[in-house]
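The values are calculated or read from the model by the stated rules, or taken from the named source; none is laboratory data. Predicted model, so just to flag it, every value in this text is computed and none were measured. Don't worry about glycine lacking a Cβ; one is built from the backbone with ideal geometry, like all the others, and counts go over all protein chains shown. These area figures cover heavy atoms from the full protein model, side chains too; ligands, DNA and RNA do not enter into them. Shrake-Rupley method; radii C 1.70, N 1.55, O 1.52, S 1.80 Å.
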4 protein chains.
Amino acid sequence: MEALSDGVFAIAITLLVLELAVPVGAEEDMLGAVLAQWPSYLAYIVSFASIGAAWVAHTAITEYLDRVDGNFLRLNLLVLLVVSFLPFPTRLLGESLENESAVRVAATLYGVTLMATAALVAALWRYAVGAGLVRADSSDEDVRVLTERLTPGLVGYVVIIGVGVFWPVVAVLGYLVIALFVLVPVRLRR
Amino acid sequence: MEALSDGVFAIAITLLVLELAVPVGAEEDMLGAVLAQWPSYLAYIVSFASIGAAWVAHTAITEYLDRVDGNFLRLNLLVLLVVSFLPFPTRLLGESLENESAVRVAATLYGVTLMATAALVAALWRYAVGAGLVRADSSDEDVRVLTERLTPGLVGYVVIIGVGVFWPVVAVLGYLVIALFVLVPVRLRR
Amino acid sequence: MEALSDGVFAIAITLLVLELAVPVGAEEDMLGAVLAQWPSYLAYIVSFASIGAAWVAHTAITEYLDRVDGNFLRLNLLVLLVVSFLPFPTRLLGESLENESAVRVAATLYGVTLMATAALVAALWRYAVGAGLVRADSSDEDVRVLTERLTPGLVGYVVIIGVGVFWPVVAVLGYLVIALFVLVPVRLRR
Amino acid sequence: MEALSDGVFAIAITLLVLELAVPVGAEEDMLGAVLAQWPSYLAYIVSFASIGAAWVAHTAITEYLDRVDGNFLRLNLLVLLVVSFLPFPTRLLGESLENESAVRVAATLYGVTLMATAALVAALWRYAVGAGLVRADSSDEDVRVLTERLTPGLVGYVVIIGVGVFWPVVAVLGYLVIALFVLVPVRLRR
């Protein structure tokens, strides 16, 4: 299971670059054309950080596991489904960030995908704790900290999806902040 | 062999997202354009579930193996061939699901690919049992259960391919049911 | 080194499917359009078998190794360079197989890439033997057999590249025969 | 962490081939059209060698590590960000190498990406040494050699980016020399 999961995370994070197209008008004014594509770069970085954050959370979870069961495997496949779907809303977002009405739809779809990722990762952990899949030598403190770490992101996404209907660029920067919030204080077991 | 197999499953399942194109007309009406692409999302989810089911079945098989031989490796390469081919009929299906005559051809090709995957995975397991590659400590009961699990899917595909000539959308939903049928009661050794 | 090598083989073999495009004219006559693309499917299968054969040979080599040195790593990177390049001539071949003058160029480039792969894999093995990287407990017989296995393909490629200038389709089928020749009698150490 | 890193390196190096398009005019004059694409092949080889060099340096670093901490993981994600970004400037470079004004921008972006990769890999190593993450049994000599090996490339990139403003092709060849400089004397621990 870890081999497939790590593979999907690594591939999804690397496929993001394929969404960056050679800019239109590159022959006459390469510099201007490359700079005009800033929404695509922003979407690229936010998605990279978000998949990175989901991967860090996923790794933290699997390190606490003693064993897995069928339900865990199925939930895990759902996590991989949304993670590997992310390059699509990323592309939509990058190509529509300067079109006022299109970007609202794209930012909402993007935010919903990120929120679904966070919700499923949190559900994966809560299921593992509830079903007794966690190692017996894990301290209650550790379990509590990881549970807390995985929840606020979820609330944040709900708020920011609403913000994104009015100010999509602010929302995209908000998604970056959430990803960094997960990435910055990471602490792995080992 | 496991490294290559897991890699191919992970890559094929993640490449599916590349088949989702930015919808035509996205600049004027992003929401309508995104929603009009529902056949592509359906094909995406069914293919994701089908590759996931094939991977679960493949993992169950390799966990029972004591060793592999040359014929097993060759059969395994054939499994990987059809699995890594699946993104192509997925794209055909997603782009033709609203064109009545084209979708019949696409749904049939799609179903034949899924059936070939299931048939080769079942053949892989039967070969492994017949050639004595299975661990000596595997109970007859376990071997019988896995054999039974891998067979009905095969019959189901034959039926649904026939249905797909008349009602392609019903067939696609049927392929989803078969994939979930394999995924839901999964039980791994360990 | 094995992680990178296995990854590149798995990715290259799975990326081949991206070279299969939705056929032109699919909206009016899907069946005819899909069938008219037979050169692309042929190129897909031959490339899949060729990368599979190179991977089997590469795996056989690494299983005999006791350790690696810097030169081995560099030679290995060259092997990965030609393997990961193969999807490009595969696409050229698939798109030109019905254009008499273009296909000669494409078939030659394709054959040269396959020959370079086989030559570099054979060189990798000979270097490993010469530099004493092979396990001390490998029998001379085993080493001799593997050396013999890796050489004839090389000669075959030279002959078939020449044939391909006059009969490109015959050459492509010849490349398939060579790949199967390597795949069929494979025997791994373990 | 190693699984994700190796995966990203393997995928980024293999995705490079997708940047090679079927040349325009291939139907009339395949040989001329394929040869006219030489800038894309050059960019492909230089990027392949550069990712290969970054991977060799990264592997050398992880082999000296005793453990990792949160900051190391975050720095490592930044390394993966620039490595997986490289296919984009590679494509820009390959498509603009015969357009005098566009190629200056593309060569500068390409060089800055390569320099950022080298700088982050060097920073990763210096951080690991400073934070005491290196194995206790590593000799000071080994640590010093690896530190020296990772630094000159950095200086080289700064010089060559400047050269590239006037002679872009010379700069691209210079980047190849730096990559080979890292690849040629590689020595792994084990």
Self-check item: Residue list for region A:117-138, filter: without any contact (Cβ under 8 Å) to a residue 60 or more places away in the chain and either open to solvent by 50 Å² or more (accessible area, probe 1.4 Å) or not in a loop (DSSP other than H, G, I, E, B) (or both)
Solution: A:A119, A:L120, A:A122, A:A123, A:R126, A:Y127, A:V129, A:G130, A:D137
Self-check item: Of residues in region A:25-39 being open to solvent by less than 20 Å² (accessible area, probe 1.4 Å) and within 11 Å of chain D (Cβ to nearest Cβ), the one nearest to A:L4 (Cα to Cα)
Solution: A:V34
Quiz prompt | The one condition in (1) touching a residue at least 24 places away in the same chain (Cβ under 8 Å); (2) open to solvent by less than 20 Å² (accessible area, probe 1.4 Å); (3) of a type in the set (A, V, I, L, M, F, W, C) that C:L42 fails to fulfil | solution = (2)
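Of the residues A:L97, A:L78, which is in contact (Cβ under 8 Å) with a residue 40 or more places away in the chain, open to solvent by less than 30 Å² (accessible area, probe 1.4 Å) and within 20 Å of the chain's Cα centre (by Cα)? Before the answer, list the steps.
Details: A:L78 fails: open to solvent by less than 30 Å² (accessible area, probe 1.4 Å).
Testing whether each residue is in contact (Cβ under 8 Å) with a residue 40 or more places away in the chain, open to solvent by less than 30 Å² (accessible area, probe 1.4 Å) and within 20 Å of the chain's Cα centre (by Cα) leaves just A:L97.
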Quiz item: Within the bounds of region C:175-190, is there any residue that is open to solvent by 60 Å² or more (accessible area, probe 1.4 Å) and on the phi > 0 side of the Ramachandran plot?
Solution: yes
Quiz item: Which one of the conditions (1) at the interface with chain B (Cβ under 8 Å from one of its Cβ atoms); (2) more than 22 Å from B:L93 (Cβ to Cβ) does C:L18 fail to meet, given that it meets all the rest?
Solution: (2)
Quiz item: Across region B:63-75, which residue is most open to solvent (accessible area, probe 1.4 Å) among those that are within 21 Å of the chain's Cα centre (by Cα) and facing another protein chain (nearest Cβ under 8 Å)?
Solution: B:R74
Self-check item: Which listed residue, of D:G32, D:G94, D:G25, D:G52, is out of contact with any strand residue (DSSP E or B) (no Cβ under 7 Å at 6 or more places or on another chain) and at positive phi
Solution: D:G25
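Table: residues versus (1) assigned to a helix (DSSP H, G or I); (2) among the aromatic types (F, W, Y); (3) touching a Leu at 6+ places or on another chain (Cβ under 8 Å).
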{"position": "D:V17", "(1), (2), (3)": "yes, no, yes"}
{"position": "D:P23", "(1), (2), (3)": "no, no, no"}
{"position": "D:F48", "(1), (2), (3)": "yes, yes, yes"}
{"position": "D:I61", "(1), (2), (3)": "yes, no, yes"}
{"position": "D:L81", "(1), (2), (3)": "yes, no, no"}
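For region D:85-94, which positions are touching a residue at least 60 places away in the same chain (Cβ under 8 Å) and more than 7 Å from chain A (Cβ to nearest Cβ)?
Taking region D:85-94 first, the residues touching a residue at least 60 places away in the same chain (Cβ under 8 Å) are D:86-87, D:90-91, D:93-94.
Across region D:85-94, the qualifying residues are D:L86, D:T90, D:L93, D:G94.
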Practice problem: Enumerate the pairs (first residue in region D:151-177 and without any contact (Cβ under 8 Å) to a residue 24 or more places away in the chain; second residue anywhere and open to solvent by 50 Å² or more (accessible area, probe 1.4 Å) and not in a helix (DSSP H, G or I)) with beta-carbon separation below 8 Å, excluding pairs fewer than 6 apart on the same chain, so at least 6 apart or on different chains. | Solution: none
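Of all residues in region A:95-104 being more than 9 Å from chain B (Cβ to nearest Cβ) and charged (D, E, K, R), which is farthest from B:L18 (Cα to Cα)?
Here is the first cut: in region A:95-104, the residues more than 9 Å from chain B (Cβ to nearest Cβ) are A:97-98, A:100.
Checking which are charged (D, E, K, R) leaves us with A:98, A:100.
Details: A:E98: 23, A:E100: 25 Å.
Result: A:E100.
Out of everything in region B:105-116 that is more than 8 Å from chain C (Cβ to nearest Cβ) and either touching a residue at least 60 places away in the same chain (Cβ under 8 Å) or open to solvent by less than 20 Å² (accessible area, probe 1.4 Å) (or both), what residue ends up being nearest to the chain's Cα centre (by Cα)?
Here is the first cut: in region B:105-116, the ones more than 8 Å from chain C (Cβ to nearest Cβ) are B:107-108, B:110-116.
Restricting the remaining residues to those that are either touching a residue at least 60 places away in the same chain (Cβ under 8 Å) or open to solvent by less than 20 Å² (accessible area, probe 1.4 Å) (or both) gives B:107, B:110-111, B:113-114.
Numbers: B:A107: 14, B:Y110: 10, B:G111: 9, B:T113: 8, B:L114: 5 Å.
Among them, the one singled out is B:L114.
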Quiz item: Pick from A:A21, A:A60, A:A10: which is under 19 Å from the mean Cα position of the chain (by Cα) and surrounded by fewer than 24 Cβ atoms within 10 Å (Cβ to Cβ)?
Solution: A:A60
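Can A:L4 be described as within 19 Å of A:L75 (Cβ to Cβ) and either within 11 Å of chain B (Cβ to nearest Cβ) or in a helix (DSSP H, G or I) (or both)?
Working: within 19 Å of A:L75 (Cβ to Cβ): yes; either within 11 Å of chain B (Cβ to nearest Cβ) or in a helix (DSSP H, G or I) (or both): yes.
So A:L4 passes the test.
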Quiz item: Which one of A:V163, A:V172 is at pLDDT 90 or above, in a helix (DSSP H, G or I) and open to solvent by 40 Å² or more (accessible area, probe 1.4 Å)?
Solution: A:V163
Quiz prompt | Conditions (1) at pLDDT below 80; (2) under 20 Å from the mean Cα position of the chain (by Cα); (3) within 26 Å of B:L15 (Cα to Cα); number of the one not met by B:R149 | solution = (3)
